[in-house]
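The values are calculated or read from the model by the stated rules, or taken from the named source; none is laboratory data. If you're wondering where the values come from, they're calculated on a predicted model, not measured in any experiment. Note that each Cβ is placed from the backbone with ideal geometry, even for glycine, and that neighbours are counted across all protein chains shown. Surface areas here come from the heavy atoms of the whole protein model, side chains and all, with no ligands, DNA or RNA. Shrake-Rupley method; radii C 1.70, N 1.55, O 1.52, S 1.80 Å.
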Amino acid sequence: QVQLVESGGGLVQPGGSLRLSCAASGSIFSNYAMGWHRQAPGKQREWVAAISNGGIRTKYIDSVKGRFTISRDNAKNTVYLQMNSLKPEDTAVYYCNARLAYDFSNGDFGSWGQGTQVTVSS
């Protein structure tokens with residue numbers, strides 16, 4: 001089982017940028033598709049972005065398309081989420097998730113990190 005640790009969250013003004021990182025250990029990172037999810041206060045967790053194990057395929061929810069970019073470095077066992085043009089509604093705890101299948105449509109499958117807080121506020 002892969003262990004995941006997120007970092008890079010913080011407080012940023014609307015329109016600003018942050019880059020989240022998720023470091024993996026304990027298993028062969030390149031075997032896993034990786035996803036980012038988020039959970040805002042009082043709301044259900046939602047999937048945000050995903051990348052295939054080789055990094056060729058990516059997908060995003062509509063609300064972040066053109067603003068967020070997911071990437072990975074298999075040599076460093078790390079997945080990233082570059083977040084630009086941040087909005088207050090992006091405020092949430094962000095979690096990374098590793099799955100053997102490139103399917104993040106539902107469920108709590110795979111391994112999860114502990115989360116990192118992102119707050120977008122002036």
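Considering only residues of the range 28-50 that are among the small types (Gly, Ala, Ser) and without any contact (Cβ under 8 Å) to a residue 60 or more places away in the chain, which is most open to solvent (accessible area, probe 1.4 Å)? So that I can check it myself, show each step before the final result.
The initial filter retains those residues of the range 28-50 that are among the small types (Gly, Ala, Ser), namely 30, 33, 35, 40, 42, 49-50.
Then keep just the ones that are without any contact (Cβ under 8 Å) to a residue 60 or more places away in the chain; that gives 30, 40, 42, 49-50.
Working: Ser30: 51, Ala40: 23, Gly42: 93, Ala49: 0, Ala50: 0 Å².
Looking at residues that are among the small types (Gly, Ala, Ser) and without any contact (Cβ under 8 Å) to a residue 60 or more places away in the chain, I get Gly42.
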Out of the residues in the range 3-41 that are assigned to a loop (DSSP other than H, G, I, E, B), modelled with pLDDT of 95 or more and not hydroxyl-bearing (Ser, Thr, Tyr), state the one that is nearest to Val118 (Cα to Cα).
-> Gly9
Return the pairs, sorted by first residue and then second, in which the second residue is of a type outside the set (A, V, I, L, M) and outside any strand (DSSP E or B), the first residue lies in the range 51-75 and is more than 23 Å from Ile28 (Cβ to Cβ), the beta carbons are less than 6 Å apart, and the residues are 6+ apart or on different chains.
-> Arg67/Asn84; Arg67/Ser85
Which residues, counting only those in the range 54-70, are within 18 Å of Ser85 (Cα to Cα) and not in a strand (DSSP E or B)?
-> Ile61, Asp62, Ser63, Val64, Lys65, Gly66, Arg67
Tyr102 being open to solvent by less than 60 Å² (accessible area, probe 1.4 Å), among the hydroxyl-bearing types (Ser, Thr, Tyr) and at pLDDT below 95 = yes
For the range 6-27, indicate whether the set of residues that are within 14 Å of Tyr94 (Cβ to Cβ) and open to solvent by 70 Å² or more (accessible area, probe 1.4 Å) is non-empty.
-> yes
Selection over the range 53-68 where residues are out of contact with any Asp or Glu (no Cβ under 8 Å at 6 or more places or on another chain) and surrounded by 17 or more Cβ atoms within 10 Å (Cβ to Cβ) yields a count of 3
